[in-house]
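Asker: Dropping the structure in here first, questions after.
None of the figures in this text is laboratory data; all of them are computed from the coordinates on show. These figures come from a predicted structure and were not determined experimentally. No Cβ is skipped: glycine too gets one built from the backbone with ideal geometry, and neighbour counts run over all protein chains shown.
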Amino acid sequence: MTNENRDFVELTEDVSASPLWNHDLAPTTIKERTWSTWNIAALWIGMSVVITTYTLAGGFIEAGMNWWQAMLTILLGNCIVLIPMILNAHAGTKYGVSFPVLCRASFGTKGANIPAILRAVVACGWFGIQTWIGGTAIDALLSAVWSGWASFDAQIAGNPLHLWLAFFFFWAIQVFIIIKGIEGIKHLESWSAPLLLLGGLVLLVWASSNAGGLGNVLSGVTALQKNKADFWMIFPGALTASVGYWATLSLNIPDFTRYAKSQKSQMLGQAFGLPLTMTAFAFIGVAVTSATVIIYGEAIPNPVDLMKKFDNAIVILFAMLVIFIAQLTTNMAANVVSPSNDFSNLNPQRISYVAGGLITAVIGILMMPWQLMSSMGAYIFTWLIGYSGLMGAIGGIMICDYFVLRGKNLRLAELFKTDGIYAYSSGFNWRAIVALVVAVLPVVPGFLRAATTPGGQIAAPNFFDTLYVYAWFVTFAIGFVLYWILMKLSVPKE
């Protein structure tokens, strides 16, 4: 059924008896598609204003860039990733389907679990990282307002007990929100976005006024550089890391745009909400960190550590509130919605959205986020670039399938049929699986070298190291082209 608005297709056939269906994975009805341009933009503001964005540009400067090079790199990376973001969002808006359901069209009804679980594992890692950072913020607040908090100092896995208590407290809050479901996330993002923007602006004004003006702050950015490196040597890796930062969301953006009012709403909301917010907040991070060198005589790249410098309880509470909401909004949207749907897709009859979210919360702890954030080099050159290679290949296959091969036309009911056209051979489309594996293989040697090198940067890169630096671009291109060739050479029977 096609609504009078050509953006929408609604499922009319009853497929609720299918083992591939449950209420959470079912396509949204037209009445459920209520997210406006502001809701989509607020979603991106809420996800972008977060401590890992704040510290991203600082990592580039530490590697050898100056402040404007770091800003341009982040802006360019986000403009690049915005393209597949908007393209993959189209199917979600038009058909009301989530990411794992959309993957059934290209990978098969069972094969869709391969890209879905790969995406889910990355989300679990991010969930753990953001939860750990949120826990450190709560720990800093309690330490500032209650002297007895630090008495819980027994060491567990290299960290004091009071930090672990704060971490699990923040984790429990998020579990509570997971149980509330997706609509609660919509309202959380919309109400928190203005507060996050205000908090960032207040921080920038404070830094400028206390460090002799913005010009003085920016002229002192060179104090943050630990290395003096040629820009063009570090630019490729930094650009890929900037793309990789949101490469995950470029896949599962249908999880959100399935609720959008129109294609215009999802496109404008993303265009306004993502590149500018990411770049602006990264700039605030660089400016404030530079100002701390002038004010305190040392660089303080983490706002949680900066908060400890204040002795005004009201200031600490406000800063804590902003940091708390920043971590919460990002985690709930970016790192819960997708894996919840992805795990649910494994067995729709047994795993609901909430159950998938709880699985995410548990795996997020098991992935030891305190190790993933052990250094900025490991964070940028191993974590961000590493998983971008997986995400790029999946994105290339999905976009080729939906836009080039299918011309944006899907048979909605067939996505939920075990013997339908998207079942391919026993539920798997071998063409997509082969394209995924072959696309990722060239960047594996470089990843292994980066992962086993302190800081992730190879001093004398070989051919495979260079390929790895461009991981997202390499795997996206190979996945796109190879999938197209295989589908043309061996046309699936419908």
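Asker: Going by how many other Cβ atoms sit within 10 Å of their own, how do Asp230, Asp401 line up, fewest first? Don't skip to the end; give the middle numbers.
Answerer: Values: Asp230 8, Asp401 24.
Final ranking by Cβ density, sparse to dense: Asp230, Asp401.
Asker: Each residue of the stretch 115-129 in turn: what ³J(HN,Hα) in whole Hz from Karplus with 6.51, -1.76, 1.60 and θ = phi - 60°, glycine and Pro shown as x?
Answerer: x, 5, 6, 4, 5, 5, 5, 4, 4, 4, x, 5, 4, x, 4
Asker: Would you work out which of Met278, Phe473, Ala247 lies farthest towards the positive end of the dipole of the chain? Charges go on Cβ: Lys and Arg +1, Asp and Glu -1.
Answerer: Farthest towards the positive pole: Phe473.
Asker: Structure shown: which of Lys94/Lys417; Lys31/Lys264; Lys94/Lys488; Lys110/Lys417; Lys31/Lys180 lie over 22 Å apart, alpha-carbon to alpha-carbon? Before the final figure, lay out the partial values.
Answerer: Details: Lys94/Lys417 20 Å; Lys31/Lys264 17 Å; Lys94/Lys488 26 Å; Lys110/Lys417 11 Å; Lys31/Lys180 20 Å.
Long pairs (Cα-Cα over 22 Å): Lys94/Lys488.
Asker: Shifting gears a bit: Which loop-located chymotrypsin sites (Phe, Trp or Tyr not before Pro) does the stretch 265-324 contain, where loop means any DSSP state but H, G, I, E or B and the Cβ has at most 16 other Cβ atoms within 10 Å?
Answerer: Working: sites: Phe272, Phe281, Phe283, Tyr296, Phe310, Phe318, Phe324; in loops: Phe310.
Loop-located and lightly packed - Phe310.
Asker: Full extension from Leu197 to Ala413: what is 0.36 nm times the residue separation minus their Cα-Cα distance, to one decimal in nm? The partial results should precede the final answer.
Answerer: Values: separation 216, 0.36 × 216 = 77.76 nm, distance 4.19 nm.
Gain in length upon complete extension: 73.6 nm.
Asker: Arranged by the count of other C-beta atoms within 10 angstrom, fewest first, what order do Val286, Val15, Val404 take? Show your work: numbers first, answer last.
Answerer: Numbers: Val286 28, Val15 17, Val404 13.
Fewest to most other Cβ atoms nearby, the residues stand as Val404, Val15, Val286.
Asker: With N residues in the chain, what two-decimal value do you get for its Cα radius of gyration over 2.2 N^0.38 Å?
Answerer: Numbers: Rg = 22.5 Å, N = 494, 2.2 N^0.38 = 23.2 Å.
Relative to the rule-of-thumb radius for its length, the chain sits at 0.97.
Asker: Here is a further query. What 222 nm value per residue comes from the helices of the chain, counting each DSSP H run with n ≥ 4 as -39,500 (n - 2.57) and dividing by all residues, nearest 500 deg cm²/dmol?
Answerer: -21000 deg cm²/dmol
Asker: Around Ala260, which amide H atoms from residues at least 5 apart in sequence, or from another chain, sit under 5 Å from its own amide H, with H modelled in the peptide plane?
Answerer: Here the answer is Trp35, since their amide H atoms fall under 5 Å of that of Ala260.
Asker: Place a +1 charge on the Cβ of each Lys and Arg in the chain and a -1 charge on the Cβ of each Asp and Glu, then give the dipole magnitude about the Cα centre in debye, rounded to the nearest 20. It would help to have the intermediate numbers written out before the result.
Answerer: Numbers: 25 positive and 23 negative charges, 165 e Å.
Dipole size: approximately 800 debye.
Asker: Compute the Cα gyration tensor for the stretch 284-335, then decide on rounded, prolate or oblate, letting a ≥ b ≥ c be the square roots of its eigenvalues: rounded whenever a/c is under 1.5, prolate when a/b is larger than b/c in the other cases, and oblate in all that remain.
Answerer: Numbers: a/c = 3.28, a/b = 1.51, b/c = 2.18.
Oblate, because a/c is 1.5 or more while a/b does not exceed b/c.
Asker: Hey, another quick one. What length, rounded to one decimal in nm, is gained on full extension from Leu321 through to Met233, with 0.36 nm per residue of separation minus their alpha-carbon distance? Walk me through the numbers before you get to the answer.
Answerer: Working: separation 88, 0.36 × 88 = 31.68 nm, distance 3.90 nm.
Gain on extension, Leu321 to Met233, equals 27.8 nm.
Asker: Related question: Test of understanding: what is the full-extension gain from Arg406 to Thr29, defined as 0.36 nm times their sequence separation minus their Cα-Cα distance?
Answerer: Numbers: separation 377, 0.36 × 377 = 135.72 nm, distance 2.26 nm.
Extending this stretch completely gives an extra 133.5 nm.
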